[in-house]
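Each remark here refers to the structure printed beneath this line.
The values are calculated or read from the model by the stated rules, or taken from the named source; none is laboratory data. Note that this is a predicted model, so its numbers are computed, not measured. Positions of Cβ are generated from backbone atoms using ideal geometry, with glycine treated the same way; all protein chains shown enter the neighbour counts.
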């Protein structure tokens, strides 16, 4: 990674840090892991298992936890902070602000805004973006290229829509929401009545509500409700390629990793964590603070605080024991065959 950030600007981010050593450079030129970093780079110790790599690291600046006691090499700066991983995130935010300067407010000449739509003067509307009838775009919003905001949809303040986001009609997005490239919000739900004549589409006339501080990863799809609303709670973070079915309600501060599938009418309480590729049958309740391991299959309600694994899902420690015993089955059968008395 090639970049240029002043050391003095980095140190300003950590006024309470314990700093030892010195470096001759005025700017860092890159960020690298402890093994690969060289002179002019910044590195960090975010995981204790890499502690032994610090001694031989050649980075000019290293972010370290407060309890790290060794001293830096000559011409090396140790910056001890409460949370090195969070510290690195702050530095990356600083770098991002320099790499991507603020977008100027205004509507690009190739964008199309319907006459009765409302776009705040401080918002930015990118090339080839469409704003539908009666839509409202709040202060400080940044809509990139080829976005679609359907009729009657509302964006709060300081939302970011990356290229190709599709926000269909009558959806409501809160403040400081981030929708990454290719996100689709408000597509019709997957619902059909079956009969001898075939599958008859069920109209979905509800909407999607996304509350403040939500971030949604690339190509994630959130279906509109059959009626009422599909809802994503405040502060929740959805990864790429997540499917959220109609009438699902996700609570506050949930973490949902890539390729999770949530069937219609699932109610998920606050602070739930879901690993990648887990799947949920419809009309289930998932209790507050539950943890679902990757690739788990959830077919029953989940108690608050439960930790489940497997398909069908079982309590995590039980699933681990079963997995260990399964690996021993071939030896067990071999022993049984050898010990079987001759007739």
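Observations on the model:
- Residues (surrounded by fewer than 19 Cβ atoms within 10 Å (Cβ to Cβ) and either under 19 Å from residue 29 (Cα atoms) or without any contact (Cβ under 8 Å) to a residue 40 or more places away in the chain (or both)) located in segment 55-72: 55, 56, 58, 65, 67, 68, 69, 70
- Residue match in segment 317-336 (condition: in contact with a helix residue (DSSP H, G or I) (Cβ under 8 Å, 6 or more places away or on another chain), outside any strand (DSSP E or B) and in the same structural domain as residue 257 (by TED's automatic domain parsing)): no
- Residue within segment 267-277 that is over 23 Å from residue 177 (Cα atoms) and either buried (at least 20 other Cβ atoms within 10 Å of the Cβ) or in contact (Cβ under 8 Å) with a residue 12 or more places away in the chain (or both) present: yes
- Qualifying positions in segment 288-299 - assigned to a loop (DSSP other than H, G, I, E, B) and within 15 Å of residue 262 (Cβ to Cβ): 290, 294, 295, 296, 299
- Hits in segment 5-54 (condition: surrounded by fewer than 17 Cβ atoms within 10 Å (Cβ to Cβ), touching a residue at least 60 places away in the same chain (Cβ under 8 Å) and farther than 16 Å from residue 78 by Cβ): 9
- Where strands (runs of 3 or more DSSP E) fall wholly inside segment 114-231, the ranges with 2 or more residues that are touching a residue at least 12 places away in the same chain (Cβ under 8 Å) and closer than 29 Å to residue 259 by Cβ are 184-187, 207-210, 221-223.
- Residue in segment 67-77 that is on the phi > 0 side of the Ramachandran plot and not assigned by TED's automatic domain parsing to the domain that holds residue 27 present: no
- Residue satisfying condition, being modelled with pLDDT under 95 and buried (at least 20 other Cβ atoms within 10 Å of the Cβ), within set 125, 91: 91
- Residue in segment 182-189 that is in contact with a strand residue (DSSP E or B) (Cβ under 8 Å, 6 or more places away or on another chain), modelled with pLDDT under 95 and closer than 12 Å to residue 224 by Cβ present: yes
- Note on segment 243-253: residues that are under 13 Å from the mean Cα position of the chain (by Cα) and buried (at least 24 other Cβ atoms within 10 Å of the Cβ) amount to 0.
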